[in-house]
Amino acid sequence: MLFKNKSKGITEKQVLAALSYVDDPDLKKDLVTLNMIRDIQIDGKKVSFSVVLTTPACPMKDAIHNACVNAIHLMVDKEAEVVINMTAEVQNNQADRQLPNIKHVIAISSGKGGVGKSTVAANVAVALAKTGAKVALVDADIYGPSQPILFGFEQARPMMETVGDRDMLVPFERHGVKVMSIGVLVRPEQAVVWRGPMASKALRQIIFDTNWGEIDYMLIDLPPGTGDIHLTLVQALPVSGAVVITTPQKVAVADARKGAEMFRTPQIQVPLLGVIENMAFFVPSDAPDKRYHLFGKDGGKALAEGLEIPVLGQIPIRESISIRGDEGAPIALLNDDVLAKSFQELAQEIARQLAIRNATLPPTSQVQIQTP
Ligand SMILES: Nc1ncnc2c1ncn2[C@@H]1O[C@H](COP(=O)(O)OP(=O)(O)OP(=O)(O)O)[C@@H](O)[C@H]1O
Ligand SMILES: [Mg+2]
């Protein structure tokens with residue numbers, strides 16, 4: 001066999017040579033070139049090493065693990081005992097920036113109201129946290145904050161703590177996610193009379209004056225449309241990517257598209273990671289094989305094609321999604337549940353598209369907008 005050397009036993013060089021035949025299917029380069037192989041240890045026939053993936057939510061984790069074992073058996077020693085520690089290190093898009101401990105900021109957006117931005121953001125946050133990622137969720141919807149309900153802290157007041165010489169907000173920790181809502185600073189009934197600059201100030205405050213700690217993914221639940229809050233966000237922080245939510249309905253698609261195009265304007269240039277089609281179809285619980293397309297069909301697909309970005313996933317319309325949302329316990333928390341699984345797959349797909357974006361594009365720049 002190619003690298004076999006019986007007399008001297010297995011060497012690190014042989015292990016690396018074999019693993020250089022294993023590609024990351026998304027990044028389309030081998031694991032050695034991608035510097036994903038670490039801590040190789042060899043003890044007789046036992047070969048152990050770590051594979052450091054780009055996200056703990058990697059959907060290809062098992063496939064990559066198996067490919068590594070096969071490569072060692074095939075190219076080094078078929079009797080080797082291969083022990084792999086699969087870990088992840090999310091690349092940092094914010095290094096040297098204002099919040100270096102927050103690696104990625106992801107905007108959850110839609111030009112259209114009521115399509116499920118907040119519900120999807122809450123469930124994706126929970127699903128990402130379940131994979132072991134460190135997740136924050138910022139509710140930036142000043143006129144209709146939803147996360148205090150979806151995470152069950154609408155009656156709670158935020159705590160403060162002193163960090164160095166600053167007084168900072170303590171995020172609410174629920175279901176493994178650190179959450180903060182603009183709603184804890186401003187009551188929505190007051191917010192309606194607020195002018196743009198005040199809303200922007202409140203958003204900056206919850207982003208910069210909250211003690212987040214180390215975060216892999218910070219999701220921003222945006223209000224509908226394209227307003228001051230959106231501009232504040234892209235000026236405050238470099239946003240790694242935006243996801244666009246729509247229902248299949250034509251009017252929703254048209255509005256969602258307008259919202260998405262804002263991220264593409266030359267002044268902003270935030271990459272679009274993909275489209276989520278929410279309320280895609282209805283499946284009756286007594287007839288699980290049937291799909292009713294209540295709001296039309298393939299609207300998400302049409303939007304994704306129009307924008308030339310992928311469809312990240314489809315979420316059906318189900319009462320249990322909204323009931324669990326109202327109860328402060330997003331459905332993604334459940335194990336062995338078909339809807340929780342669809343959010344899990346969606347979270348993995350977002351993490352995957354972000355890893356591809358990181359490998360193919362430079363870090364996002366913070367937007368400088370000249371105000372007259
Ligand atoms: N897949 C789903 N199945 C059933 N109900 C859903 C689903 N997604 C969202 N909903 C419900 O639809 C309503 C609107 O959802 P949500 O508040 O998440 O939308 P939004 O886009 O954040 O709205 P807004 O534009 O007001 O911020 C809520 O009552 C929510 O419970
Ligand atoms: Mg909302």
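With all protein chains present and a 1.4 Å probe, how do 301, 103 order by accessible area, largest first?
Highest to lowest solvent-accessible surface, that is 301, 103.
In the chain, carbon and sulfur make up what percent of the accessible area (probe 1.4 Å)?
50
Placing +1 on the Cβ of each Lys and Arg and -1 on the Cβ of each Asp and Glu in the chain, which of 317, 361, 340 has its Cα farthest towards the positive end of the resulting dipole?
My answer, from the dipole projection, is 361.
On each of the three principal axes of the Cα atoms of the chain, give max minus min coordinate, whole Å, ordered largest first.
Computed over the chain, the largest-to-smallest principal extents equal 80, 60, 40 Å.
Accessible area per residue, 1.4 Å probe, Å², for the stretch 12-88: what's the number?
Per-residue accessible area for the stretch 12-88 comes out at 50 Å².
So, with +1 on the Cβ of K and R and -1 on the Cβ of D and E, and no other charges, what is the size of the charge dipole of the chain about its Cα centre, to the nearest 20 debye?
Dipole about the Cα centre, nearest 20: 580 debye.
Work out, in µm²/s and without decimals, the Stokes-Einstein translational diffusion coefficient of the stretch 262-372 at 10 °C, 1.306 mPa s, Rh from Kirkwood over C-alpha pairs.
D = 97 µm²/s.
Give, in nm to one decimal, the length gained when the segment between residue 70 and residue 359 is fully stretched (0.36 nm per residue of separation minus the Cα-Cα distance).
101.5 nm
Full-extension gain between residue 87 and residue 214, please, as 0.36 nm times their residue separation minus the C-alpha to C-alpha distance.
My answer for the length gained is 44.0 nm.
Which of the DSSP-defined H helices in the chain satisfy a minimum axial length of 30 Å, computed from C-alpha atoms, and a minimum mean Kyte-Doolittle hydropathy of -0.5?
Long hydrophobic helices here: 338-360.
Please calculate the 1.4 Å probe accessible area of residue 161, with all protein chains present, and give it to the nearest 10 Å².
70
Mind listing the Cα extents of the stretch 12-88 along all three principal axes, in Å, largest one first?
32, 19, 18
Using alpha carbons only, how many angstrom separate the centre of the stretch 295-372 from the centre of the stretch 112-159?
13
Sort 49, 295 by accessible area with a 1.4 Å probe, largest first.
Result, largest first: 295, 49.
Only loop residues by DSSP count here, and only those with at most 12 other Cβ atoms within 10 Å; note down the trypsin sites (Lys or Arg not before Pro) in the stretch 169-250 that meet that.
195
In straight Cα distance, which aspartates and glutamates are under 16 Å from residue 61, not counting same-chain residues fewer than 8 positions off?
Cα-Cα hits under 16 Å: 23, 24, 26, 30, 89, 345, 349.
Dimensions of the stretch 229-300 along principal axes (Cα, Å, largest first)?
49, 20, 18 Å, listed from the longest principal axis down.
The values are calculated or read from the model by the stated rules, or taken from the named source; none is laboratory data. The model shown is predicted, which means the values in this text are computed figures rather than measured ones. Neighbour counts are summed over all protein chains in view; Cβ atoms, including those assigned to glycine, are modelled from backbone coordinates with ideal geometry. Quick note on the areas: whole protein, heavy atoms, side chains included, nothing else; ligands and nucleic acids left out. Shrake-Rupley method; radii C 1.70, N 1.55, O 1.52, S 1.80 Å.
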